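The values are calculated or read from the model by the stated rules, or taken from the named source; none is laboratory data. Not measured: the values here are computed from a predicted model. Note that we place each Cβ from the backbone using ideal geometry, even for glycine, and neighbour counts take in every protein chain shown. To get the accessible areas, we keep the full protein, side chains included, count just its heavy atoms, and leave off ligands, DNA and RNA. Shrake-Rupley method; radii C 1.70, N 1.55, O 1.52, S 1.80 Å.
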Amino acid sequence: MSRFALAPGWWRRRTGYQVWPRSFCDFDGDGIGDLPGIVSKLDHLADLGVGFIWLSPVYDSPMADMGYDISDYRAIWPPFGTMADMDRLIGEAAVRDMGVVMDLVVNHTSDRHPWFLEARTDRTAPRRDWYVWRDPAPDGGPPDDRQSYFGGPGWRLAPETGQYYLALFTPAQPDLNWECAAMRAAVWDMMRWWLDRGVAGFRMDVIDHIGKDVDAGLIENGPRLHDHLREMHREVLAGRNVLTVGEAWSAEPADAVPYTGRDRGELDMLFQFRHVTEGWDPVQGKWRPRPHDPAALRRVLYSWQRATAEDGWTALFLGNHDLPRMVSRYGDPVAHRVRSAKALTLALHGLRGTPFVYQGDEFGMVNGRFDRIEEFRDVETLTHHRLAMEAGMAEAEFIAGANTNGRDTGRTPVQWTDGPGAGFTNGTPWIGLTPANAHISAEADAADANGLIAFHRRLIVLRRDMAILTDGRFAAHAEDHTSVWIYERRLGGERLLIAANLTGTEAQLDMPPDATIAGRPLLWTVAPRDRLEGTVTLAPWEAVAIHALD
Ligand code: TEU
C-alpha cells in the first residue's frame, strides 16, 4: 500500500478533519462506529478536499473515557476492528492523498494497562515509578485535596501498597510519571512504531500536562514541559515530515511561540481553548455557559493571529468531541442553521493557521438532545451529575446545562441519511439519535449546490490553491464593532478581505477607509459583493470574501 509522503510543511495548506470513531460510521451493525466504516466514507472526505484525518483514539481500551484510557498502545479495540483494518485505513487514505494523524494519549494510561497493573502491585515493582505515587496524609486520606477534572479526588488509593496514585481525569486514568526516563523511552518507541506504520503525525492529548511538578502544584504548563517536548522531537520527530498538534487548554497567546516557533524543535501547532473557556461562567465553569458574544470570540482568535504573526502556527477550530456543536454554540441552529454555519466557517477558515472540521460540521449538525440523565454516556457528565445532585442542584437545571455544554452534545452519530439509524448503523446506535434533528443529513446537504458541503469544498480548495491564505499577513479592522468581523490577509500586492456579521440581526458599519475594497467575490453566504466601502449593511449572518490586486 502506498504511504503518505509530502513536502515539508504540507499541513500549512491543508484542512484537517476530525473523526471521532465511535460515532462516525458503523460497518458491522453493532451500533458502534468502526475502522471499516471510516474506510467506507473516505471518498466523502476526499471529495470535500480533506488533507488529513485526525483520528480520535482507536486503541484497545476499557472505555472508561471513550478510549482516552488506553490499555494497549499497539492494538485496536476489537469493536473498532483489527490492526489490518488500521493498515487498510492508512493505505486507502494515502491513495486519496490524505494522511492519518493518530491521537497520542500519554499523560495517562488506563488502569488496566500492563504497566500500571505491574506498578500497583508492589513498591519495588520495576515500573513502579512510571506512575505518580504518594503516601497518605497523616489521617490516612489523600496526600492533598487536589480535585480531578471529571469530579472527585485527584488521588486514588491503591490498597495493594497503601499509597495513592495521581489520576487527574477519571480514577481509571492514572497519570504517567514523566520524570522517569525509561517511561519516556517507552513512549518514544511506541510513537516510532506508529510512524513506521505510515501515520502522518500526532494530535497530543492534554500535552500541556506532561511537564508537571505535582508537589509544587504546577500541573499545566509545568517546569519540564518544554524539555520533554524537545526530547520527543529529537528522539522521534526530527527528520520525519509529520504533523504535530498539541492540545493545550492552559495555553495563552504568549505560549504560542515557545511551543511552535520555527527554531524551537517542539510542535507544529496548538489547539488552544481560550475562545472556549471565554464562554464559560468564571466560577461554575462549563455547566453554566455564558451567552455567546461574537466580539469576545473575535478578540481571542485575533490575539492568536497576532501571537503567531511572525513565528509559530496555530490550529483553527470551533468544535470537537469535547465541545458542543459549532452551530449550536456560536450560530443559529434553528432559523439560520446553514447560513450561520457558513458565516462561522468562512470567518474561521480565512484566518492564518490550519483549519479543522469536526465530523458532521461539514453539513451543519446541531447538538444532540437528551431528556433524562440515563440517556447520557459521557463520564464527565455522569460524574458531575452525581456531584451536582449531592450538592442539591435541581435535576432539570443540570440536564439543561448538559444539553448546552456537556460532551455528549457533539458525540451523537453522524447523520449520513434521513433513513433508519441515520445511515450510521443498521443496528441500535450506542447513544440516541435526536429525532428532531433527523432532517439534517449529509445526503440532503450534498444534493444542494448551495449546501454546506459545497461551501466547505470551495474553502478547502481555496486554501490549497491560494498562497495568501497560508502566507498572507493578518490585519484587523473595526475591532470595536459588536457583531461584525472585518479582517484581511495581505501578500505582496494581493488582498483578501473577509467581512462577517456573526449575529442574526442586520448590522451596519462604516468601512474604515483603509479596509475599503473592490475586487472579485470569492465566497459569500447571502449574495456576492464586489466592493465594500462607505456605510455597509450586512444581512443576518451575511459573510463575504473579496479578493483584490492593488
Ligand atoms: O481533553 C482534555 C480536557 O481537558 C477535557 O477533558 C476538558 O477538560 C473537558 O472536556 C472540559 O470539560 C482530552 C480529550 O480531548 C478528552 O476527550 C479526554 O477525556 C481527556 O483529554 C482525557 O484524556
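Tally time: how many residues in region 191-216 are more than 19 Å from F52 (Cβ to Cβ) and in contact (Cβ under 8 Å) with a residue 12 or more places away in the chain?
Step one: filter region 191-216 for residues more than 19 Å from F52 (Cβ to Cβ), giving 192-193, 206, 208-216.
So of that shortlist, the ones also in contact (Cβ under 8 Å) with a residue 12 or more places away in the chain come out as 192-193, 206, 208-212, 214.
Going through region 191-216 one residue at a time, the tally reaches 9.
With A500, A515, A539, A476 as the choices, which residue is without any contact (Cβ under 8 Å) to a residue 60 or more places away in the chain, of a type in the set (A, V, I, L, M, F, W, C) and either more than 23 Å from P294 (Cβ to Cβ) or touching a strand residue (DSSP E or B) at 6+ places or on another chain (Cβ under 6 Å) (or both)?
From the options A500, A515, A539, A476, the qualifying one is A515.
Sort through G350, G368, G401 and tell me the only one that's within 25 Å of V245 (Cβ to Cβ) and touching a residue at least 40 places away in the same chain (Cβ under 8 Å). Explain how you work it out, then say what you get.
On the way: G368 fails: within 25 Å of V245 (Cβ to Cβ); G401 fails: within 25 Å of V245 (Cβ to Cβ).
Residue meeting the stated conditions: G350.
H439 - would you say it is in a loop (DSSP other than H, G, I, E, B) and over 30 Å from S303 (Cβ atoms)?
Numbers: in a loop (DSSP other than H, G, I, E, B): yes; over 30 Å from S303 (Cβ atoms): yes.
Considered against the rule, which asks whether it is in a loop (DSSP other than H, G, I, E, B) and over 30 Å from S303 (Cβ atoms), H439 comes out as yes.
Tell me whether region 8-29 contains one or more residues that are away from the ligand (no atom under 16 Å from the Cβ), in a loop (DSSP other than H, G, I, E, B), at pLDDT below 95 and under 30 Å from D465 (Cα atoms).
Checked region 8-29: at least one residue is away from the ligand (no atom under 16 Å from the Cβ), in a loop (DSSP other than H, G, I, E, B), at pLDDT below 95 and under 30 Å from D465 (Cα atoms).
For the subset of region 242-268 comprising residues that are touching a residue at least 24 places away in the same chain (Cβ under 8 Å), in a loop (DSSP other than H, G, I, E, B) and within 22 Å of the chain's Cα centre (by Cα), which member is farthest from the ligand (Cβ to nearest atom)?
Per the criteria, the residue is G261.
Filter region 168-181 down to residues that are in contact with a Phe, Trp or Tyr (Cβ under 7 Å, 6 or more places away or on another chain) and surrounded by fewer than 18 Cβ atoms within 10 Å (Cβ to Cβ), then give me how many there are.
Count: 1.
Just give me the residues in region 404-425 being open to solvent by less than 20 Å² (accessible area, probe 1.4 Å) and in contact with a strand residue (DSSP E or B) (Cβ under 6 Å, 6 or more places away or on another chain), in sequence order.
N405
Tell me yes or no: at least one residue of region 118-127 is more than 16 Å from the ligand (Cβ to nearest atom) and buried (at least 22 other Cβ atoms within 10 Å of the Cβ). If you could, list the steps in order and put the result at the bottom.
We begin by selecting, within region 118-127, every residue more than 16 Å from the ligand (Cβ to nearest atom); these are 118-127.
Retained after the next criterion (residues that are buried (at least 22 other Cβ atoms within 10 Å of the Cβ)): 119.
Within region 118-127 (the criterion being more than 16 Å from the ligand (Cβ to nearest atom) and buried (at least 22 other Cβ atoms within 10 Å of the Cβ)), the answer is yes, since at least one residue qualifies.
What single numbered condition from (1) under 30 Å from P143 (Cβ atoms); (2) buried (at least 23 other Cβ atoms within 10 Å of the Cβ) fails to hold for A256?
Answer for A256: the failing condition is (1).
(1) outside any strand (DSSP E or B); (2) more than 25 Å from the chain's Cα centre (by Cα): which one isn't true of Q508, the others all being true?
Here Q508 meets the rest and fails (1).
Going by the conditions given, is A402 at pLDDT below 95 and within 16 Å of the ligand (Cβ to nearest atom)?
Details: at pLDDT below 95: no; within 16 Å of the ligand (Cβ to nearest atom): yes.
Answer is no for this residue.
Quick one: is D103 open to solvent by less than 70 Å² (accessible area, probe 1.4 Å), touching a strand residue (DSSP E or B) at 6+ places or on another chain (Cβ under 7 Å) and either within 16 Å of the ligand (Cβ to nearest atom) or within 19 Å of D205 (Cβ to Cβ) (or both)?
Values: open to solvent by less than 70 Å² (accessible area, probe 1.4 Å): yes; touching a strand residue (DSSP E or B) at 6+ places or on another chain (Cβ under 7 Å): yes; either within 16 Å of the ligand (Cβ to nearest atom) or within 19 Å of D205 (Cβ to Cβ) (or both): yes.
In short, yes.
Would you point out which residue out of R234, R230, R184, R203 is part of a helix (DSSP H, G or I) and touching a Phe, Trp or Tyr at 6+ places or on another chain (Cβ under 7 Å)? Please lay out each step first, then the result.
On the way: R234 fails: touching a Phe, Trp or Tyr at 6+ places or on another chain (Cβ under 7 Å); R230 fails: touching a Phe, Trp or Tyr at 6+ places or on another chain (Cβ under 7 Å); R203 fails: part of a helix (DSSP H, G or I).
The conditions single out R184.
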